[in-house]
Structure formats: structure tokens, C-alpha cells
Amino acid sequence: MKEKYERIDRKLVGSGSLVDYYHDSIRIPDGSVETWDFIDHKGAAAVLPVLPDGRIVMVNQYRAALDSFSLEIPAGGYQFRGEPEMEAAARELKEETGYTAGKMEKILDIRTTVAFCNERIAIFLATDLEEGEQDLDPDEYLSVEVYSLPELVKMISEFRIVDSKTICAIMFYKDQIGQHSI
């Protein structure tokens with residue numbers, strides 16, 4: 001049974017380059033009104049780049065929210081709302097790794113933090129990769145690293161990979177590897 005919730009107001013608290021932060025007034029099932037936080041995110045696209053030998057191209061970059069480096073699949077926010085997902089994914093792949101993909105297929109669509117944020121990440125499988133030059137944004141400093149699927153799965157189980165989009169993509173790919181054709 002679904003209880004009735006009603007948003008009766010939304011107030012902008014602050015705006016940033018990636019997100020806007022709101023206070024929502026929500027009427028909950030008992031009739032009282034509660035204030036809930038809401039983060040509006042423009043969305044992002046990510047890529048699981050798989051080389052012909054099956055190894056996966058990753059990026060290692062500093063994440064201020066963690067105050068440490070994070071091993072991840074290439075990803076980035078949309079340049080504008082409504083940017084085509086595959087174009088954004090291909091752009092991020094090229095910018096961050098230098099690779100371009102001969103084939104790309106959407107494999108996942110995830111919501112990262114549904115309790116307070118609407119961020120949606122479209123995740124693509126990229127194959128038939130061709131190596132090229134990175135084209136990093138001025139504030140990006142990252143290294144490109146290549147790992148086998150078993151190495152990445154082990155890093156997840158050892159809590160060395162903690163990024164949710166990366167874990168979702170790797171585990172989905174692991175599960176589908178014998179059945180997936182692109």
C-alpha cells in the first residue's frame with residue numbers, strides 16, 4: 001500500500017556548478033508537514049571501456065568529497081540538460097582516457113542516492129576501442145589504468161573500489177559477460 005505524500009513547497013537554499021540544494025515541505029501521511037533536503041543534479045554519463053583482450057580501462061582521480069583518490073570508470077556530468085547520453089559518454093571517454101569507441105551500448109541507468117538526490121547516471125559499454133590523446137578539462141588530473149575483470153572484482157570485495165557507478169557497471173558486466181553481445 002502506498003501512503004500519500006505531497007510536496008507543498010520547494011525553496012532554493014543554494015546553487016552550485018553541479019547541483020542545486022532545496023528544502024522541500026512535504027505533507028506526510030499523518031497530515032503533518034516535514035522539511036526534507038533535496039539535491040537537484042543535472043545527471044551524468046559513464047562508460048565501461050573494454051579492450052579487445054577483455055581488460056577494462058579505468059581512471060584514478062582525486063575526489064574532494066572523499067579526500068582521497070578513487071578508481072572509477074570514466075564519467076562526467078552533462079554539459080547541459082537534455083544533452084544526448086551517448087554523446088556525453090563518448091565525450092567523457094575521449095577526454096579522460098584518450099580512447100574512442102567503435103561500438104557503444106547502454107547497459108545501465110542508475111540513481112545514485114534516492115533518499116535526497118535525483119542524480120541519474122547512464123552507463124554505456126564501449127568496445128572496439130581506438131587509443132588516442134586525452135583531452136582533460138583544465139581542473140582534471142587523473143591517471144589511466146587498465147585492469148582485468150577479476151582484478152577489479154577483487155578490488156571491490158576489498159573495498160578498494162567504492163564508487164557506486166563503477167561497482168554497478170563492473171558487477172553488471174561480470175554477470176552478463178557470457179551472455180552479452182554488442
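Is there a residue being touching a strand residue (DSSP E or B) at 6+ places or on another chain (Cβ under 7 Å), modelled with pLDDT under 95, surrounded by 14 or more Cβ atoms within 10 Å (Cβ to Cβ) and within 20 Å of SER70 (Cα to Cα) anywhere in the range 118-132?
Checked against the condition, which is being touching a strand residue (DSSP E or B) at 6+ places or on another chain (Cβ under 7 Å), modelled with pLDDT under 95, surrounded by 14 or more Cβ atoms within 10 Å (Cβ to Cβ) and within 20 Å of SER70 (Cα to Cα), the range 118-132 yields no hits at all.
Can you name the residue in the range 65-77 that is within 12 Å of the chain's Cα centre (by Cα) and either under 19 Å from SER143 (Cβ atoms) or modelled with pLDDT of 95 or more (or both) and is also surrounded by the most Cβ atoms within 10 Å (Cβ to Cβ) among such residues?
The qualifying residue surrounded by the most Cβ atoms within 10 Å (Cβ to Cβ) is ILE73.
Looking at the structure I just gave you, is ALA169 assigned to a helix (DSSP H, G or I), among the aliphatic types (A, V, I, L, M) and touching a Phe, Trp or Tyr at 6+ places or on another chain (Cβ under 6 Å)?
It is false that ALA169 is assigned to a helix (DSSP H, G or I), among the aliphatic types (A, V, I, L, M) and touching a Phe, Trp or Tyr at 6+ places or on another chain (Cβ under 6 Å).
Keeping to the range 94-115, report how many residues are surrounded by 13 or more Cβ atoms within 10 Å (Cβ to Cβ) and in a loop (DSSP other than H, G, I, E, B).
3
May I ask you to list the residues in the range 165-182 that are surrounded by fewer than 11 Cβ atoms within 10 Å (Cβ to Cβ) and either modelled with pLDDT of 95 or more or among the acidic types (Asp, Glu) (or both)?
ASP175 - this is the single residue of the range 165-182 that is surrounded by fewer than 11 Cβ atoms within 10 Å (Cβ to Cβ) and either modelled with pLDDT of 95 or more or among the acidic types (Asp, Glu) (or both).
The values are calculated or read from the model by the stated rules, or taken from the named source; none is laboratory data. Keep in mind the model is a prediction, meaning the values are calculated, not measured. Using ideal geometry, Cβ is built from the backbone for each residue, glycine included, and neighbour counts are taken over all protein chains shown.
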